[in-house]
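One structure is given below, encoded as structure tokens.
Values in this text are rule-based calculations from the coordinates and carry no lab data. Because the structure is predicted, anything quoted here is derived from the model rather than measured. Here the Cβ positions follow ideal geometry from the backbone for every residue, glycine too, while neighbour counts run over all protein chains shown.
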Amino acid sequence: MRKKLLVGNWKMNKTMAETAAFAHASFELLKNANDKNIDIGVTPPYLSLQTLLNINPKLIIGAQNVHHLEKGAYTGEVSIPMLKELGVSWSLVGHSERRTYFNETDASCNLKVLALLENNMTPLYCVGETLQEFEKGVTKEVIKAQIEVGLKGVEDVREVVIAYEPVWSIGTGKNASKEIAEDICAYIRELLRAIYGGNADLVRILYGGSVKPNNIKEYMAMPNIDGALVGGASLSVESYAELINNM
Ligand code: PGA
């Protein structure tokens, strides 16, 4: 049985003071989530990681990106040992905004996934097609390459969490229908099953893209969707609380 998971991706939002306010309010969120047997977390900007860890380390606290190397001349980057020292145990990998604005590729994501796993951290690997790819009907080909290249060399797939986020649905208010989301999440599981056998059934696969309190329930009712990666609607405590209540 896969435990439900809700992750709020804050992107480039919230100062440390704003983060502290959310963290103080998060005890109530955690209590409600525990009552419903749901794991919850957030991926804030790097500067706010320590703030969250100091106030409520029981949340899943993840970075939004990592460099795959331990150290070196890579101005502006943050390494895995730096995050580990703080106590951060998760990181997003390959969010579509990283792929679009920072030229991340399936191959560069693969290096990050492997480096995180070597350090006993959990990669939350994001995949999804662009609007153009969706309209051309090549979604499955795109997802196949993203999964096969991005996870190449992963031995124990149970340590990976996957988010299917169609690029056209992120921040646009145009969420994918539950049928589309389920179809692709089931396809991802099928791809994983071909490589990892029965362990594919233990991998948590999230849907992301304009998930809101009023639509999260329909995704959670689908057999291959285990939770959500949520941007805009994860920013306020009230909305985060509603997401949990409606899961
Ligand atoms: P959104 O973002 O919920 O604001 O569409 C989702 C994401 O980028 O993970």
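Assorted remarks:
- For a modelled paramagnetic label at residue 2, 7 Å from Cα along Cα-to-Cβ, the residues of the range 56-72 in reach, with backbone nitrogen under 20 Å, are 60-62.
- Taking Cβ atoms as reference points and 10 Å as the exclusive limit, the residues near residue 213 contribute a net charge of 0, counting Lys and Arg as +1 and Asp and Glu as -1.
- The loop-placed chymotrypsin sites (Phe, Trp or Tyr not before Pro) in the range 82-183, going by DSSP, that have at most 16 neighbouring Cβ atoms within 10 Å of their Cβ come out as 102.
- When you filter the GluC sites (Glu not before Pro) in the range 1-96 for DSSP loop state and at most 14 other Cβ atoms inside 10 Å of their Cβ, you are left with 70, 77.
- Computed over all pairs of different Cα atoms, the Kirkwood value for the hydrodynamic radius of the chain is 17.9 Å.
- Least to most buried among 104, 141, 165, 242 (fewest other Cβ within 10 Å first): 141, 242, 104, 165
- Debye log10 I(q)/I(0) for the range 86-182, one point scatterer per Cα, at q = 0.10, 0.19, 0.22 Å⁻¹: -0.27, -0.91, -1.15
- Put simply, the amide H of residue 63, placed in the peptide plane, has neighbours under 5 Å in 90, 91, 92, leaving out anything fewer than 5 places away on its chain.
- Paramagnetic reach from residue 102 (point 7 Å along Cα→Cβ, amide N under 17 Å) across the range 11-26: 11-14
- 68, 24 arranged by Cβ crowding within 10 Å, fewest neighbours leading: 24, 68
- Going from the residue with the fewest nearby Cβ atoms within 10 Å to the one with the most, 105, 122 rank 105, 122.
- Whole-number D in µm² s⁻¹ for the range 64-110, Kirkwood Cα-pair radius fed into Stokes-Einstein, 4 °C, 1.567 mPa s: 114
- Range in the chain, longest, excluding exposed trypsin sites (Lys or Arg not before Pro) [loop by DSSP; at most 16 other beta-carbon atoms within 10 Å]: 72-151
- Inter-centroid distance (Cα atoms) of the range 24-76 relative to the range 108-162, Å: 21
- Electrostatic bookkeeping for residue 65 treats Lys and Arg as +1 and Asp and Glu as -1; over the other residues with beta carbon under 12 Å from its beta carbon, the sum is +1.
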